[in-house]
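Single-structure report; data block below.
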Amino acid sequence: PGIYVCAKCGHELFSSWAKYEHSSPWPAFTETVHEDSVSKRKDRPGALKVSCGKCGNGLGHEFLNDGPKRGQSRF
């Protein structure tokens, strides 16, 4: 339980309450802690490249409409 932060700068990214089990080997989250927790840019259809909103450290992707509920995204 707690807050997941950027490994590079400590900026708050995700909360454990937004974490869920997914078939991916990586942790999966439905939303960020703050609106400015991450920055996003288009990467490919259905996915956005995600970086730390403070320092720009690469965090992976946001997969659109791939969350646990219809219409939710997965980080």
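The values are calculated or read from the model by the stated rules, or taken from the named source; none is laboratory data. Everything quoted here is computed from the prediction, not taken from an experiment. When we count neighbours, we look across all protein chains shown, and the Cβ atoms used for this are built from the backbone with ideal geometry, even at glycine. In case anyone asks, the SASA skips ligands and DNA or RNA and just uses the protein heavy atoms, side chains included. Shrake-Rupley method; radii C 1.70, N 1.55, O 1.52, S 1.80 Å.
Data for the structure
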{"quantity": "HN-Hα J in Hz across region 34-50 - Karplus 6.51, -1.76, 1.60, θ = phi - 60°, x for Gly and Pro", "calculated": "10, 4, 9, 4, 10, 10, 10, 9, 4, 10, 7, x, x, 8, 10, 6, 10"}
{"quantity": "The chain, accessible area per residue, ligands and nucleic acids excluded (1.4 Å, Å²)", "calculated": "68 Å²"}
{"quantity": "Charge tally in the Cβ shell below 13 Å around Tyr20, where Lys, Arg are +1 and Asp, Glu are -1, Tyr20 excluded", "calculated": "0"}
{"quantity": "For the chain: lysine pairs under 18 Å (alpha-carbon distance), excluding those fewer than 8 apart on one chain", "calculated": "6"}
{"quantity": "Dipole magnitude of the chain, debye to nearest 20 (Cβ charges: Lys/Arg +1, Asp/Glu -1, about Cα centre)", "calculated": "240 debye"}
{"quantity": "Selection of GluC sites (Glu not before Pro), region 1-40, meeting DSSP coil and at most 11 other Cβ within 10 Å", "calculated": "Glu21, Glu35"}
{"quantity": "Computed label-point distance, nm, for sites Lys49 and Leu64 using a 7 Å Cα→Cβ extension", "calculated": "1.7 nm"}
{"quantity": "Whole-percent carbon and sulfur share, accessible surface of the chain, 1.4 Å", "calculated": "50 percent"}
{"quantity": "Among 23-29, 37-43, the order from most to least packed when residues are scored by Cβ within 10 Å on average", "calculated": "37-43, 23-29"}
{"quantity": "Percentage, to the nearest whole number, of Cα pairs in the chain over 14 Å apart", "calculated": "59 percent"}
{"quantity": "Radius 11 Å from Cβ of Asp43, net charge of other residues (Lys, Arg +1; Asp, Glu -1)", "calculated": "+4"}
